[in-house]
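Please treat every number below as a calculation from the coordinates, not as lab data. The shown structure was predicted, so the numbers you read here are calculated from the model rather than taken from an experiment. All Cβ positions, even for glycine, are placed from backbone atoms using ideal geometry, and neighbour counts span all protein chains on display.
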Amino acid sequence: MSDLPTTMRGVWLTGHGDLDRLEFRGDIPVPVPGPTDVLVRVAAAGVNNTDINTRIAWYSKKEAASEDASWSGQPLQFPRIQGIDACGYIAAVGREINPDRIGERILIEPCLREAQGKSLEHPWFFGSECDGGFAEFTVVAARHAHKIDSSLSDVDLASFPCSYSTAENMLARAAVQADERVLVTGASGGVGSAAVQLAKARGAEVWAVTTPSKSEALRQLGADETISRDTDLIATPGANRMDVVIDLVAGGKFPQYLEVLRPGGRYAVAGAIAGPLVELDVRTLYLKDLSLLGCTVLGPEVFPNLIQSIEQGAVTPVVFRSFALEEIRDAQTLFLEKRHVGKIVLKI
């Protein structure tokens, strides 16, 4: 690593709070890879709900947010470099890793089963329990740096890891099959637009819940039908019409998501932007023989399958806008306005 810099540009999260907790710096030490790690020169990194949720301690269920505000329910260590989505190039390797990997273009798997030289009993998440991609360099276990062969730009590729792997994991957990009818909530966001594409690639009939202004964009991504998020779902599409609900919002409409499922249907959830506390009539759950699936940890096959889908052109990147790394506060401000379809990406 003698030809690499010792300091780098990056963004420190200095504590839980507002945007002022994001501190752009030019003197952050470049991390050193352990024996089974690779050092990645980050090219681009996507902005996600999880970045904001972690910053504001939304994941915490306790009065003292500092006690359990990470994905794993443990205290977050500050300063932390966030950024769960990252595309880049291997710049150096640990002593146990083949040096031929230097120069590889890679995507980083966001769900980590190895970090800091140890296997993890409970997975960590890149940019949460360890430093992530909002910097010029980052370190990750070599097994989680997946080689990618694609003509897409770095910005396009950085739109994939977290959102598309989350969507693919939900569809896999719900065992979505061809010709099944799938309802996707929050369909215009990063995970939602990915779920629309990936469900359609499986041969499903896809119904997307969104705002009317975003309907046409989702139809172009493959949605067969679009529904306004203000619609009474019991009227349209109607009770007992869906095989699967892919839910990213939760909130007050949760009872309707179960009502629209047919008997034996599957409900998969990986977000709660409309509110985490919901009303459940347990009679609906057991009388309809429903399966409720919480989806966070990726199955071991999910990310390799995503890499294959990208390389084969089976999924399309949806990038709304890109920003420079030092513009991260502007990027997150725009992200929170929720007027866009797809991803916002930082160019590193």
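Worth a mention:
- Other residues within the sphere of radius under 12 Å centred on the Cβ of Glu121, judged by their own Cβ, net out at +1 (K and R +1, D and E -1).
- Options Val319, Phe254, Thr54, ranked by Cα towards positive dipole end of the chain, top entry (Cβ charges): Phe254
- Projecting the Cα positions of Thr296, Ile310, Val341 onto the charge dipole of the stretch 286-342 (unit charges on Cβ atoms of Lys, Arg, Asp and Glu, taken about the Cα centre) puts Val341 furthest along the positive direction.
- For the chain, a simple Cβ point-charge model (Lys and Arg +1, Asp and Glu -1, everything else neutral) yields a dipole of about 280 debye relative to the Cα centre.
- Environment charge of Gln177, counting only residues whose C-beta is closer than 15 Å and scoring Lys/Arg +1, Asp/Glu -1: +1
- Within straight-line cross-link reach of Lys288, aspartates and glutamates at Cα separation under 19 Å, skipping those fewer than 8 residues along the same chain: Glu180, Asp243, Asp247, Glu259, Glu279
- The stretch 287-348: C-alpha gyration tensor shape, a/c 1.5 cut-off, then a/b vs b/c: oblate
- Whichever lysines have a C-alpha closer than 21 Å to that of Lys147, once near sequence neighbours (fewer than 8 apart) are set aside: Lys347
- With 27 Å as the limit on Cα-Cα distance, the pairs of Lys214/Lys253; Lys118/Lys338; Lys253/Lys343 that go past it are Lys118/Lys338.
- In this label model, Arg105 and Asp20 are separated by 4.2 nm, measuring between points 7 Å along each Cα→Cβ vector.
- Given charges at beta-carbon only (K, R positive; D, E negative), |dipole| of the stretch 190-348 in Debye: 120
- Along its first, second and third principal axes, ordered by size, the chain spans 65, 46, 39 Å in Cα coordinates.
- Using the Cβ-Cβ distance between Gln312 and Gln177 with R0 = 22 Å, the FRET efficiency computed as 1/(1 + (r/R0)^6) comes to roughly 0.65.
- Taking the chain and dividing mean pair separation by its residue count, relative contact order in percent (alpha carbons under 8 Å, at least six apart): 17
- Average Cα contact separation per residue, the stretch 198-250, under 8 Å, 6 or more apart, as relative contact order %: 29
- Dividing the summed -39500 (n - 2.57) terms of all DSSP H runs of n ≥ 4 by the residue count of the chain sets its mean residue ellipticity at 222 nm at -6000 deg cm²/dmol.
- Full extension of the chain segment joining Asp3 with Arg329 gains 114.2 nm, where the gain is 0.36 nm per residue of separation less the Cα-Cα distance.
- Counted charge near Thr211, where neighbours are those whose Cβ lies closer than 12 Å (Asp, Glu -1; Lys, Arg +1): +2
- Stretch in the chain that is longest and holds no trypsin sites (Lys or Arg not before Pro) that DSSP places in a loop and that have at most 10 other beta carbons within 10 Å: 96-348
- Inter-label distance, nm, simple model (7 Å from Cα along the C-beta direction), Glu279/Leu336: 3.0
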